[in-house]
1. With chain B treated as a Gaussian network of Cα nodes joined by springs under 10 Å, which of B:A191, B:A117, B:A50 yields the largest mean-square fluctuation?
2. If you place +1 on the Cβ of every Lys and Arg, -1 on the Cβ of every Asp and Glu, and leave all else neutral, what size is the dipole of the range A:198-252 about its Cα centre, to the nearest 20 Debye?
3. How much FRET efficiency would the formula 1/(1 + (r/R0)^6) give for A:I275 and B:D319, where r is the Cβ-Cβ distance and R0 is 56 Å, rounded to 0.05?
4. Distance from a point 7 Å along Cα→Cβ of B:N337 to each backbone N in the range B:271-296: keep the residues under 12 Å and list them by number.
5. Report the longest stretch of chain B that contains none of the GluC sites (Glu not before Pro) sitting in a DSSP loop with at most 16 other Cβ atoms within 10 Å.
6. What is the mean number of Cβ atoms from other protein chains located within 10 Å of the Cβ atom of each residue in peptide B:139-149, rounded to a whole number?
7. Provide the per residue accessible area, probe 1.4 Å, for the range A:180-259, rounded to a whole number of square angstrom.
8. For the charge dipole of chain A, defined by +1 on Lys and Arg C-beta atoms and -1 on Asp and Glu C-beta atoms about the Cα centroid, which residue among A:Y244, A:G13, A:P180 has the Cα displaced farthest towards the positive pole?
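The values are calculated or read from the model by the stated rules, or taken from the named source; none is laboratory data. This one's a predicted model, so the numbers in the text were calculated from it and none came from an experiment. Don't worry about glycine lacking a Cβ; one is built from the backbone with ideal geometry, like all the others, and counts go over all protein chains shown. With ligands, DNA and RNA removed, areas are computed over all heavy atoms of the protein, side chains included. Shrake-Rupley method; radii C 1.70, N 1.55, O 1.52, S 1.80 Å.
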Amino acid sequence: MCAQMYYRGKMFGFVHLYNGQEAVSTGFIKLLKKEDSVVSTYRDHVHALSKGVPARAVMSELFGKTTGCCRGQGGSMHMFSKEHNLLGGFAFIGEGIPVATGAAFTSKYRREVLKEADCDHVTLAFFGDGTCNNGQFFECLNMAALWKLPIVFVVENNLWAIGMSHLRATSDPQIYKKGPAFGMPGIHVNGMDVLKVRAVAQTAIARARSGEGPTLVECETYRFRGHSLADPDELRDPAEKAHYAARDPITALKKYLIENNLATEVELKAIDKKIEEVVEDAVEFADESPHPTRSQLLENVFADPKGFGIGPDGRYRCEDPKFTEGTAQV
Amino acid sequence: MLGAARQKMLGQSLQRIRPMEKVFRSYSSAAKQMTVREALNSALDEEMSADPKVFLMGEEVGEYQGAYKISKGLLDKYGPERVLDTPITEAGFTGIGVGAAYYGLRPVIEFMTFNFAMQAIDHIINSAAKSNYMSAGQMTVPIVFRGPNGAAAGVGAQHSQCYAAWYGSCPGLKVLSPYSSEDARGLLKAAIRDPDPVVFLENELIYGESFPVSSEALDSSFCLPIGKAKIEREGKDVTITAFSKMVGFSLKAAEILEKEGISAEVINLRSIRPLDRSTINASVRKTNRLVTVEEGFPQHGVGAEICATVVEDSFGYLDAPVERIAGADVPMPYAANLERMAVPQVEDIVRAAKRACYRYVSTAAAA
């Protein structure tokens, strides 16, 4: 649907689709509480949806309308939601990993320094195989293991970084082996099978929640479309694409459910239909939503635009005779 | 290996700045004297004790007591959970600070110098400065990035760049640059309490300088407003704007000019972003001449912005072209005499002020 909307001109810029990798997102994020956080890359639409951001908000954000989750100011690559603890949405690869490590650090700080004893929030950092060669990745593996932070590093290894094959770019392509080098377990899992991903996720998240430290999980997965909607996708071998297309996670799960009598064909068709309705509704809502007003251009640059110095009555705070009474809290 | 090299640099620069500790600038003999280093230390101490969410993170801030001893005693007082020694991973720990700030903690990230912050500039700009805008107000980032900026003594090209102009052009950041101890205390406290990302540019060579501080400034709620410049010395013939170490040089230049009958008004900018355009314009409308002084590279510098702002708002009031004094347009050389030529000196400011007043003796002025 996103692709159709893009080609009709309703969406623009860079749009990166997640087809084929859904097992990873669902397997991990559905195990989280609302207070746990997720940090992702530009391929973040599905992470946003899994974490609970309403489909309408995501679609409006993609259309650049003011009803989007970031009022249209973020776009496809920068989905943030404070309510659902989705910390974005970063365009630079590797940029989200230290931010995720910081969120995990906050969780530990709140428990130990601020004495909020029940704060055991876990952070998940999602990133790709290309990112695993970036300096920030290694810096954060080191610091997360050093300070035993409650974080799980999830590598969505889809074997391709735009047109650069993982094997051409990496000296040792087995990413999960990089975990033990820094003192944390490294696990490899088949990222096309949602139940296997879920099993691994459960151990990793439990480990983080109990304070034992980080885990590196490598999920071998595949993206069915190109890197982004602008990518002609010519370098990938059609045989490879066919091989992975046969292992589509959604169809695989469907087969599993039917074979094990957990759901019937009819029930699954009903779910399919419901999803289609949700998507259609989201598109309609986004289409009808208004564009941002002109005054929105200059909003939200600062949280406190006048700087700390000016109080609510418009005068400089240090001119107020009562200024030196009072505490450091603003 | 990098750590050893940096420590050697520190050793050399610490040796050179020790003589400066003896330099006093006394305006009033009754007020208490405080070095900039003590001012920053006390500001950090007070803010950390007032708000448990404030924590300090950087290289050598803990057990080493701070690369320039700014965080002396803080580790003992607040423990290793609030004063964190990091590995040499600027990009990593800056990002960790930003992630913590997203969640409401108030990190103070110390860079050993702002030159090293170039390894982390992606996080300062892309994940700190732009986040409030990209998330439409959901993710505020109450973080402070601080550290020495600009040239030190003989540290070479890669340790001497001034970053005021780079950070000053970025929307979403507030950029402050203190001069005296009162500035340092007030602005650092304001920066830590501010809900937005603040880049706090200090200067290594004035850490050891003493300034008188009023009893008001010693109070623990003392804060200076962000975005307001200070007129350090009133005058009526020419306006000289400066920030950080150059304020000291400008004041000395003003004393020399006084003897020659030129009354110079010296403005300490304090805040590079937001720039206090109203104070600068009001001063230029009074004196009709302007000299901007900065230590950084001349092209696209702070002086260029001030000149443009004055031309836009007060063109009719200018009696002479705006004079811009900046560092030389070269990477900082190492040799002591070349370094002296590459950074503005008091004579350069005096000469420029006289040029602005049409009272110069024409000599071939280099660089």
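1. B:A50
2. Charge dipole of the range A:198-252: 340 debye, to the nearest 20.
3. 0.15
4. Taking a point 7 Å out along Cα→Cβ of B:N337, no residue of the range B:271-296 has its backbone N under 12 Å.
5. For GluC sites (Glu not before Pro) (loop position, at most 16 other Cβ atoms within 10 Å), the longest site-free span of chain B is B:82-233.
6. 2
7. I get 50 Å² per residue for the range A:180-259.
8. A:P180
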